[in-house]
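K.L.:
Can you keep this structure in mind? I'll have questions shortly.
The values are calculated or read from the model by the stated rules, or taken from the named source; none is laboratory data. Predicted model only: the values in this text are computed from it and were never measured. All Cβ positions, glycine included, derive from the backbone under ideal geometry; neighbour counts span all protein chains shown. Heads up: the accessible areas ignore ligands, DNA and RNA and are worked out on the full protein's heavy atoms, side chains in. Shrake-Rupley method; radii C 1.70, N 1.55, O 1.52, S 1.80 Å.
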Amino acid sequence: MTPAPAENILEYIQKKSIFRFMNKTNRYLMLLLVIPCFIGSACSDKKNKCETNRDCKPGFVCFSGKCEAVEQANDGKEQATETKEKTKAEAHLESEECMERAHDANIDGRTDRGEPDNNPGIEEKSENEIENTRDRVTSDSDDSGTEIGADSSLEGPVDAYERIDDSTNKPCNDPDKDGYGEGNGCLGPDCWPQDQTRHPGAQETCNGLDDDCDGQIDEDGVCPQAKPYLWVYILAGQSNMVGLGVNSELGSEDSGVVPNAYIFCDLSVHPNSNCHQWKPLAPGFGVMPDHFGPELAFGRRMHQYWPGRAFGIIKVAEGGTALHDRWAAGSGDLYQLLIKTVAEQMTDLSNGWTPRIAGFVWMQGESDACSSGDANAYYFNLLKFIKTLRSDLGMELLPIVAGLIADQPMWPEASTVRKATSLLADQIGPMDVVETTDLPRHPDDQAHYDTTGQLELGKRFADSMNALLADLHWAFPEDFSSTPGDGFWQYDACLGNTCSSLKWDMFNKRWKNSDKSVLIGNGWLQPSALQEAVLTWWAPFDGKIDVSASARLANAGGDGTRISISRDDEVLFGPEQTNSSTDVQAHFTIEVTQGQKLRFITDCGTSSDAVSDSTNWRISIDMTQVTGD
């Protein structure tokens, strides 16, 4: 009798009527006894036989049970894969049980990536049963941790998207047909399994991605030489932002030029000849050239934190001005001056720099603390001011630090303005406040901070701003917060590319949409039938990030969910089907530019199963390189 080919064993056995009447357990026992005999008799007379790539010498891979040269295997791979898949499909269809299960799977829509189930009989079994069967059938196990199907003599990618799966004795799984994937017969692992243009040996292009899977991004000079980076901070407000610190009272450590820092100021009606031009940061940019404001100590402190960075300060301020009129969002003349000045100066800076707005500092409120009406409106006026400012600057999560005005009798409604500012910082991130009541003021002018007070104010602004920006590690659920924007995280419900922000449910400590069908809690996301649950991270600056994520269905039942990860509208991973027994995992390294969004998406899959679609996530983002540092 001619031995049956190894790939047709299942078909061969299924044709025997006794096999049809066995239960699942007896079928697997029968397979365990019969399969080794077929494999042995089919391959005993072949000198170049193989089961995995490790059975072949360097330069060869295991292809259709034979050791073939890499080039030959790659040329015939696509046709062979198609033939094998057809053979397997025919074998399954000859089994009435398999046909019935395939029909049920089509009804339920429970397929992986929308493709038909390639082995429904086995997938019906529990994970433990499958694992035990594989361990007993497969003699070529890999205890070294090397990815199954990867030839150890060939270089593989450093950062590969992964899904926990046992690929032992499986044919090459190569979704994008580029020759690289997981399983026997692949040329090696693929760090981009869904993109045929990106794989080991591919052409590297300037796109912020690792095209050739070597662990490096945009190497070998594929990107044009960038201009030096300039970290730009915007300072605005009324008289204590203008500054009445006295230059002549400064000590030697504060009177010099701040290294690698520059300033442009527009102080409106205040006659300072140093303004309206870029100059090195030094004393002299206050109410007059012989005075200074918080910019001096702010810039020096930031230089101490980051001595290798170049800083630019754009300062727009005028004394005795209120938020309810001249700084009013969109309509106030000083607001318009601020937006106009920033836009013009950022354009001017781009001629020799790569400027990035890093943060906004606000010192204002005294003029709104004179009447109860203006003070009571301060919360909503400041909220509108910040939202409009972020929108006009194109900085959705612009970091903000605000000074709390001094709590003193000169401003009878100071307490109301202070509370409004603090409350807003707790409700719209990333934002922080600094205390000023304890700062020394001029003896004959209790409205304004003196030289020592201005130096301390600038340091406090810098310390608070640095605290918002210094952390280069972000994680979920560790960073989960009731404040949108904290840690640069947002909580959204999305339909395609159209997203809306969720609202905080203070009673249940979770984020929700209007009908509570989309929910995000501490460590989990739950989509609805119409909208995806999306956790969004906003990049505060340019750089290279390592991303690790895992997702698992929180509860058994339903048809599972689909998860994916995107950078803005570009899909980086998935969609992948989740279940309650194994984690779907992803790990990759990419470059981001300031303001780009990394979205971690959960959708309901084929059907919505309410609480059964709750999906647990663990996410870690590490910026391993900040561009410009």
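K.L.:
Once amide H atoms are built 1.01 Å from N in the peptide plane, which residues 5 or more positions from Ile590, or in another chain, come under 5 Å H to H?
P.N.:
Ile545, Val547
K.L.:
Where does each of 441-447, 257-263, 618-624 land if you order them by average Cβ count within 10 Å, highest first?
P.N.:
Answer by packing, highest mean first, reads 257-263, 618-624, 441-447.
K.L.:
Could you sort Tyr491, Tyr229 by accessible area so the largest value comes first, with the probe set to 1.4 Å?
P.N.:
Solvent-accessible surface, decreasing: Tyr229, Tyr491.
K.L.:
While we're on this one: Give me the mean projected area, in nm² to one decimal, of the convex hull enclosing the Cα positions of the stretch 277-340.
P.N.:
Projected over every direction and averaged, the Cα hull of the stretch 277-340 covers 5.4 nm².
K.L.:
Report ³J(HN,Hα) in whole Hz for each residue of the stretch 313-320, in order, from the Karplus equation J = 6.51 cos²θ - 1.76 cosθ + 1.60 where θ = phi - 60°; Gly and Pro get x.
P.N.:
Per-residue couplings from phi come out as 10, 10, 10, 10, 7, 8, x, x Hz.
K.L.:
Separate question: Note down, for the stretch 479-549, the three equivalent ellipsoid semi-axes (square root of 5 times each alpha carbon gyration tensor eigenvalue), biggest first, whole angstrom.
P.N.:
Over the Cα atoms of the stretch 479-549, the ellipsoid semi-axes are 21, 15, 11 Å.
K.L.:
Could you work out the Rg to Rh ratio of the stretch 526-608, with Rh taken as the Kirkwood radius (inverse of the mean 1/r over all Cα pairs)?
P.N.:
Across the stretch 526-608, the Cα-based Rg/Rh ratio is 1.01.
K.L.:
Right, next: Among 530-540, 412-422, how do they line up by average Cβ neighbours within 10 Å per residue, starting with the highest?
P.N.:
Numbers: 530-540: 22.7, 412-422: 19.5.
Listed from highest to lowest mean packing, they are 530-540, 412-422.
K.L.:
Once you wrap a convex hull around the alpha carbon atoms of the stretch 203-303, what is its projected area averaged over all directions, in nm²?
P.N.:
Result: 9.1 nm².
K.L.:
Efficiency by 1/(1 + (r/R0)^6): what FRET value for Thr197 and Asp444, r their Cβ-Cβ distance, R0 = 56 Å, to the nearest 0.05?
P.N.:
0.20
K.L.:
Now for a separate question. How much area per residue is accessible in the stretch 507-629 when the probe is 1.4 Å and only protein heavy atoms are counted (Å²)?
P.N.:
Accessible surface, normalised per residue, equals 36 Å².
K.L.:
Hey, got the dipole for the stretch 380-436? About the Cα centre, +1 on K and R Cβ, -1 on D and E Cβ, debye to the nearest 20?
P.N.:
160
K.L.:
Can I ask one more? Between the stretch 356-371 and the stretch 180-201, what is the C-alpha centre distance in whole Å?
P.N.:
54
K.L.:
Taking the alpha-carbon set of the stretch 332-448, what are its Rg and Dmax in Å?
P.N.:
Computed over the Cα atoms of the stretch 332-448, radius of gyration and Dmax are 15.9, 49 Å.
K.L.:
Specify whether the C-alpha gyration tensor of the stretch 222-375 places it in the rounded, prolate or oblate class, a ≥ b ≥ c being the square roots of the eigenvalues: rounded for a/c under 1.5, otherwise prolate if a/b is larger than b/c and oblate if not.
P.N.:
The shape class here is oblate.
K.L.:
For the stretch 433-551, would you read off the P(r) tail past 25 Å as a percentage of all alpha carbon pairs?
P.N.:
Everything past 25 Å amounts to 45 percent.
K.L.:
What share of all Cα pairs of the stretch 394-455, in percent, falls into each consecutive 10 Å distance bin?
P.N.:
21, 42, 28, 9, 0
K.L.:
Right, something else. Can you give me the long-range amide H partners of Ile263? Hydrogens built in the peptide plane at 1.01 Å from N, cutoff under 5 Å, separation of 5 or more residues or another chain.
P.N.:
Lys279, Leu281, Ile313
K.L.:
I'd like the FRET efficiency for Thr437 and Ser273, computed as 1/(1 + (r/R0)^6) with the beta carbon distance as r and R0 of 35 Å, rounded to 0.05.
P.N.:
Taking R0 as 35 Å, the efficiency between Thr437 and Ser273 is 0.55.
K.L.:
How far apart, in nanometres, would the label points at Ile339 and Asn351 be if each is projected 7 angstrom from Cα along the Cα-to-Cβ direction?
P.N.:
2.5
K.L.:
Then there is this: Grab the Cα-Cα distance for Lys503 and Glu249, subtract it from 0.36 nm times how many residues apart they are, and report the gain in nm with one decimal.
P.N.:
86.4 nm
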